[in-house]
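Single-structure report; data block below.
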Amino acid sequence: MDPIKKLVAAAREVRERAYAPYSKYLVGAAVRSESGAVFAGCNVENASYGLTICAERNALAAMIAAGGSRWTEIAVVTEDEGTPCGACRQVMAEFAAPAARIHLFSARTGEISSYSIGELLPDAFTLQSRRSIECADTSE
């Protein structure tokens, strides 16, 4: 099976277990680590909306919990090829090179779009950019 199709299949499967009683917007994500291992996550909503956890962050947390540290591809399955939220984009950028690929799949149409994390979050805030700010010469 094509590696992207395998990743999408894992995201589709976990999407069915999403807990989304408020929005009814089911999301599944599967991340491929640098080692080639695949980790999946779904969105888990909460009555206190700020405590809701997105599928993408759940999949990344599963990768980190298993000992992974970098990802190369993520597949996200929604009803309509929805893109990751800003918080997810920032967390994704923490654990990947800007060229890492995000594949967005529509459960309704079967369409897929692919982007790099650099395209979805240009100039991401990183530890290196923070160090640059902290270390900048402020003398005149």
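The values are calculated or read from the model by the stated rules, or taken from the named source; none is laboratory data. Computed from a predicted structure; not experimentally measured. As a convention, Cβ positions derive from the backbone with ideal geometry for all residues, glycine included, and neighbour counts pool all protein chains shown. Surface areas here come from the heavy atoms of the whole protein model, side chains and all, with no ligands, DNA or RNA. Shrake-Rupley method; radii C 1.70, N 1.55, O 1.52, S 1.80 Å.
Note on segment 96-121: among residues that are of a type in the set (D, E, K, R) and either farther than 21 Å from Val14 by Cβ or part of a loop (DSSP other than H, G, I, E, B) (or both), the one that is most open to solvent (accessible area, probe 1.4 Å) is Arg108.
Of the residues that make up segment 24-31, is at least one touching a residue at least 40 places away in the same chain (Cβ under 8 Å), open to solvent by 60 Å² or more (accessible area, probe 1.4 Å) and assigned to a loop (DSSP other than H, G, I, E, B)? Yes, there is a match, as at least one residue in segment 24-31 is touching a residue at least 40 places away in the same chain (Cβ under 8 Å), open to solvent by 60 Å² or more (accessible area, probe 1.4 Å) and assigned to a loop (DSSP other than H, G, I, E, B).
One line per residue, one yes/no per condition, for (1) among the aliphatic types (A, V, I, L, M); (2) in contact with a strand residue (DSSP E or B) (Cβ under 6 Å, 6 or more places away or on another chain):
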{"residue": "Ala65", "(1), (2)": "yes, no"}
{"residue": "Val76", "(1), (2)": "yes, yes"}
{"residue": "Asp80", "(1), (2)": "no, yes"}
{"residue": "Val91", "(1), (2)": "yes, no"}
{"residue": "Phe105", "(1), (2)": "no, yes"}
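Every condition in (1) among the small types (Gly, Ala, Ser); (2) modelled with pLDDT of 95 or more; (3) surrounded by fewer than 19 Cβ atoms within 10 Å (Cβ to Cβ) holds for Gly50 except the one numbered (2). Taking the stated definitions as given, is Asn58 at pLDDT 95 or above and buried (at least 18 other Cβ atoms within 10 Å of the Cβ)? Against the criterion (at pLDDT 95 or above and buried (at least 18 other Cβ atoms within 10 Å of the Cβ)), Asn58 qualifies. Cβ-Cβ contacts under 8 Å between residues 6 or more apart (or on different chains), taken from a first residue in segment 104-117 that is farther than 22 Å from Ala18 by Cα and free of Cβ contacts under 8 Å to residues at least 60 places away in the same chain to a second residue that is open to solvent by less than 40 Å² (accessible area, probe 1.4 Å) and acidic (Asp, Glu), are absent.
Can you confirm whether segment 67-85 contains a residue that is loosely packed, with under 15 Cβ neighbours inside 10 Å and among the aliphatic types (A, V, I, L, M)? No: zero hits. If you go through segment 86-95 and keep only what is open to solvent by less than 10 Å² (accessible area, probe 1.4 Å) and among the aliphatic types (A, V, I, L, M), you end up with just Met92.
The single residue among Arg12, Arg17 that is under 11 Å from Val77 (Cα atoms), in contact with a strand residue (DSSP E or B) (Cβ under 6 Å, 6 or more places away or on another chain), modelled with pLDDT of 95 or more and open to solvent by 70 Å² or more (accessible area, probe 1.4 Å) turns out to be Arg12.
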